[in-house]
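A short worksheet on the structure shown next.
Each reported figure results from applying straightforward, stated rules to the coordinates on display, with no laboratory input. Keep in mind that this is a model prediction, so the values were computed, not measured. Every residue, glycine as well, gets a Cβ built from its backbone with ideal geometry; the counts of neighbours run over all protein chains shown.
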Amino acid sequence: MKKKIAVVGAGFSGAVVAHELALKGYEIDVFDTRSHVGGNCHTARDEETGVMLHVYGPHIFHTSDESVWNYVRQFDEFMPFVNRVKAIYKNHVYSLPINLLTINSFFGKTFSPKEAAGYMQKIGDSSIEDPQTFEEQALRFVGRDLYEAFFKGYTQKQWGLEPSELPASILKRLPVRFNYDDNYYASKYQGIPKNGYSYIVGKMLDHSNIKIHLETSFDRSMVDSYDHVFYSGPIDAWFDYSKGTLGYRTLDFHLERHDGDFQGNPVINYCDRETPWTRISEHKHFTPWENHEKTVIYKEYSRYCEKNDIPYYPIRMAKEKNLLAEYVGIANDEKGVTFMGRLGTYRYLDMHVTIAEALDVVKVFLASEKNLKAMPSFVVNPLS
């Protein structure tokens, strides 16, 4: 008799686990409260324009892990795509991340790489030896002018907090390039699936051992009906918020349709505090191999996540980390349930990390089964 597995969440975490265990002969039920698969990576054609929409905001796949790159390409052809972000500040357009073009344009210079590096060292606040906050980290490495242009206002809008209240770890690796490379990511492999992310997830879940239950909640009372449960929903929701609610930022998107080309680039950040949106994404530019007469843009607004909102970015300040520790404590006492993914571990995860961790979850589970050992509640420690 096949062992029955429940997978809660039909994003990449759930889809990878379901797919891999289905191949091993397990009987899988996948549950998701939404009407579609793919989670926040969901893509869909706009009926009016035919443009492929990144429904919950832009997703560009990037990784330097060759095994993950090869894995995901089983399910669709990945088209070459380089994310070249632009930023508007005081009626000027700049290139991000900060590179030689940004520095020369901003300061009206023609620095060589060596000259730019020396200049940045000069304008950085060297009196800050051990940056503790986001603001100190930025001031230390790029100086006040660039900090106020590209980081301060944008961060205030994105996080709803002053940069002086945020930990330096958020800006752990400040990307400053002393060349004209404007590729937003430094990853070896980059691209966008030709048919969209939901197509990939759909292919993962297309197996005779998998049943998909959309617009369906999974109740804790159902755990005993399964040999194991893999849960990628919010960890606090699993416990009915008994310890309190973990804080997230959510996003609102204002969709507009226009003729032709609206901004000539996939993503443009609006760095000043006065512009209410953080950025505008133009979705037909995520599929440059397609041609569309009309275009669709999203104006993106960030705010605190309330009840019934879609959680995007875990806040992970001291208060939230303390609350998370309480939930991790009681989660470790759960039997037959493994928490995984962005929401299940309350961590911000890129797609490639999500997939890699889901594959690790499968490996640990299969080893546990083989060795007749209990599957742990977490494969990755959410507190690390």
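Quick notes on this structure:
- Maximal additional length on extending the Lys294-Thr110 stretch stands at 62.4 nm, based on 0.36 nm per residue less the C-alpha distance.
- Ratio of Rg to Rh for segment 334-384: 0.98 [Cα atoms; Kirkwood radius as inverse mean 1/r over pairs].
- Each label was represented as a point 7 Å from its Cα along the Cα-to-Cβ direction; for Ser164 and Tyr313 these points are 2.0 nm apart.
- Listed by chain and number, the lysines whose alpha-carbon sits under 24 Å from that of Lys2, ignoring those within fewer than 8 places in the same chain, are Lys24, Lys203, Lys211, Lys335, Lys363, Lys370, Lys373.
- In loop segments of segment 1-109 as defined by DSSP, the GluC sites (Glu not before Pro) with at most 16 further C-beta atoms inside 10 Å of their C-beta are Glu47, Glu48, Glu77.
- By the rule of a C-alpha distance below 14 Å, with chain neighbours fewer than 8 residues away ignored, the aspartates and glutamates paired with Lys194 are Asp76, Glu77, Glu290.
- The relative contact order of the chain, computed from alpha carbon pairs under 8 Å that lie at least 6 residues apart in sequence, is 24 percent.
- Between segment 240-298 and segment 353-384, the Cα center-to-center distance that results, in Å: 34 Å
- Computed FRET value (nearest 0.05) for Arg34 with Asn183, which takes r as the C-beta separation and R₀ as 41 Å: 0.80
- For peptides 177-183, 348-354, sequence by mean Cβ density within 10 Å, most packed first: 348-354, 177-183
- Computed lengthening from Val93 to Glu48, 0.36 nm per intervening residue step minus Cα-Cα distance: 13.2 nm
- Total formal charge among the other residues, if their Cβ is under 12 angstrom from that of His207, Lys/Arg +1 and Asp/Glu -1: 0
- Bridging of Lys3 to aspartates and glutamates at a Cα separation below 15 Å is possible for Glu20, Glu27, Asp29, Asp224, Asp227, Glu369, once same-chain residues fewer than 8 apart are set aside.
- Angle between the chain longest axis and helix 12-23 axis [Cα atoms, degrees, rounded to 10]: 40 degrees
- The alpha carbon centroids of segment 314-329 and segment 163-204 are separated by 25 Å.
- For the pair segment 335-349 / segment 51-96, the C-alpha centres are spaced 24 Å from each other.
- Counted charge near Gly233, where neighbours are those whose Cβ lies closer than 13 Å (Asp, Glu -1; Lys, Arg +1): -1
- Helix 113-123 axis, angle to the chain major axis (alpha carbon atoms, nearest 10°): 90 degrees
- Scanning residues 5 or more positions from Phe31 or on other chains, those with amide H under 5 Å from its amide H are Val7, Val8, Gly9, His213, with H placed 1.01 Å from N in the peptide plane.
- Counting Lys and Arg as +1 and Asp and Glu as -1 over every other residue whose Cβ lies under 14 Å from the Cβ of Glu66, the net charge comes to +1.
- Once the Cα-Cα distance is subtracted from the 0.36 nm per residue extended length, the Asp224 to Lys335 segment shows a gain of 39.0 nm.
- Placing dummy labels 7 Å off each Cα toward the beta-carbon, the span from Ser208 to Gln132 is 6.3 nm.
- Other-chain or far-sequence residues with amide H under 5 Å of Ile192's (modelled H): Met79, Phe81
- The chain: angle of helix 351-370 to the longest principal axis, Cα-based, in degrees nearest 10: 30 degrees
- Asp252 versus Glu215: modelled label distance in nm, points set 7 Å from Cα along the beta carbon direction: 2.6 nm
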